[in-house]
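This report refers to the structure that appears directly beneath it.
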Amino acid sequence: MWVEKYRPQKLEEVANQKAIKSRLSSLLARKEELPHLLFAGPPGSGKTTTALIVAKQVLGEHWADYTLMLNASDERGIDTVREKVKVFARFVDRREGVPFRLVVLDESDEMTRDSQNALRRIMEEYSKYTRFVLVCNYSSGIIEAIQSRCAIFRFQRLDEESVVEHLKAIAKKESLAYADDSVFASVFEATQGDLRQAINLLQAASSSGELTQDSVKTVSGSSVRSRVGEIITLAMGGNFEGARTKMVELTRVYGIPERDFLRFANEVVTSMEVDDLAKAVEILAEYDFRLVQGSQPELQLTAMLAQLSKLKKKGD
Ligand SMILES: Nc1ncnc2c1ncn2[C@@H]1O[C@H](COP(=O)(O)OP(=O)(O)OP(=O)(O)O)[C@@H](O)[C@H]1O
Ligand SMILES: [Mg+2]
């Protein structure tokens, strides 16, 4: 996967996010005093990447031994987080030059308020030798008490120039053949500043050999939204298998986050002329809830499509 192969290893390699890079550099110059960090911003803008870079810079070559990566929406509740942090803080020795351990908590805005309150206490309890990096899409989803204890960094959706420049550099390293720069503009157009998605699209579009406007168009469809639309239409028409296959392709190959899938699905369903709108929306809401609970996303979306395709059968 090119997204992993070309994941930046140093702050300088992170595309755009200039203000963030300069503020972080000065914090990293005095790493003993590093505060807790809160990274907020849209998907594919470099939050997780930057968190990993911080870990490497602060902790050096043994960074992986001193970094606990948790996904707030995967873990079953705050008790798991507390247990893991506790064990981690207790058992790892403190080597010279390693000022503390890092806990990176991804998707932290998916935690309930209660969990976040508990998290705040955990942060305090272990703050002597532990720093937290909280990663989220919306800082508004994080309780005030935590926000005020963190240095907040707001990541921006990447602009066209940085995306095109980044894609061109990858194309060069992969020796891709392409007619002109307009293909990169089209990739940007289809992915709207989400660099992960842009790189995935670039890879998919060049898998046949040459990168062309047509190959970009073929793999991007007109947009993710319209692809989700196709899938929902298939499901609501009773074609569960067809819908499932396309959903798996969309989430696995293009890396569309499951929550985005649901968001688009909701928009599509409410704009469709369906007999059982209330029932359909109820189904979406149910699975939205289950995804927040962190149960296996692909299985949940599959079950959701099955339910939607049953609506049709009943109506017939
Ligand atoms: N600013 C950036 N500079 C260079 N590469 C980037 C940048 N942002 C994203 N990427 C590319 O996209 C991939 C995913 O980025 P990353 O995991 O940092 O996104 P994120 O902001 O954490 O997104 P999400 O909210 O979906 O977790 C990286 O491996 C990298 O290849
Ligand atoms: Mg991330």
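The values are calculated or read from the model by the stated rules, or taken from the named source; none is laboratory data. It should be emphasised that the depicted structure is a prediction, and the values quoted were computed from it without experimental measurement. Here the Cβ is made from the backbone with ideal geometry for all residues, glycine too, and neighbour counts use every protein chain on show.
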- Query: Among the residues of segment 130-139, which ones are of a type in the set (S, T, Y) and assigned to a strand (DSSP E or B)?
  - Reply: T130
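A quick yes/no check of all residues on (1) within 12 Å of the chain's Cα centre (by Cα); (2) within 16 Å of ligand 2 (Cβ to nearest atom):
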site: L34; (1), (2): no, no
site: P43; (1), (2): yes, yes
site: K47; (1), (2): yes, yes
site: I53; (1), (2): no, yes
site: G60; (1), (2): no, no
site: T67; (1), (2): no, yes
site: L70; (1), (2): no, yes
- If you go through segment 274-288 one residue at a time, do you hit one that is under 27 Å from A204 (Cβ atoms) and outside any helix (DSSP H, G or I)? no
- Of all residues in segment 98-126, count the ones that are modelled with pLDDT of 85 or more, farther than 18 Å from D79 by Cα and either surrounded by fewer than 20 Cβ atoms within 10 Å (Cβ to Cβ) or away from ligand 1 (no atom under 16 Å from the Cβ) (or both). 2
- Note on the structure: Filter segment 1-17 for residues that are more than 9 Å from ligand 1 (Cβ to nearest atom) and surrounded by fewer than 11 Cβ atoms within 10 Å (Cβ to Cβ); the one that is farthest from L134 (Cα to Cα) is E12
- List, please: which pairs have Cβ atoms under 6 Å, are six or more places apart or on different chains, and start with a residue in segment 29-52 that is under 17 Å from R149 (Cβ atoms) and end with one that is polar (S, T, N, Q) and more than 11 Å from ligand 2 (Cβ to nearest atom)? A40/S139
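Within segment 140-239, which helices (runs of 4 or more DSSP H) (wholly inside it) include 3 or more residues that are within 30 Å of T130 (Cα to Cα) and either modelled with pLDDT under 95 or more than 13 Å from ligand 1 (Cβ to nearest atom) (or both)?
Passing ranges, in order: 144-147.
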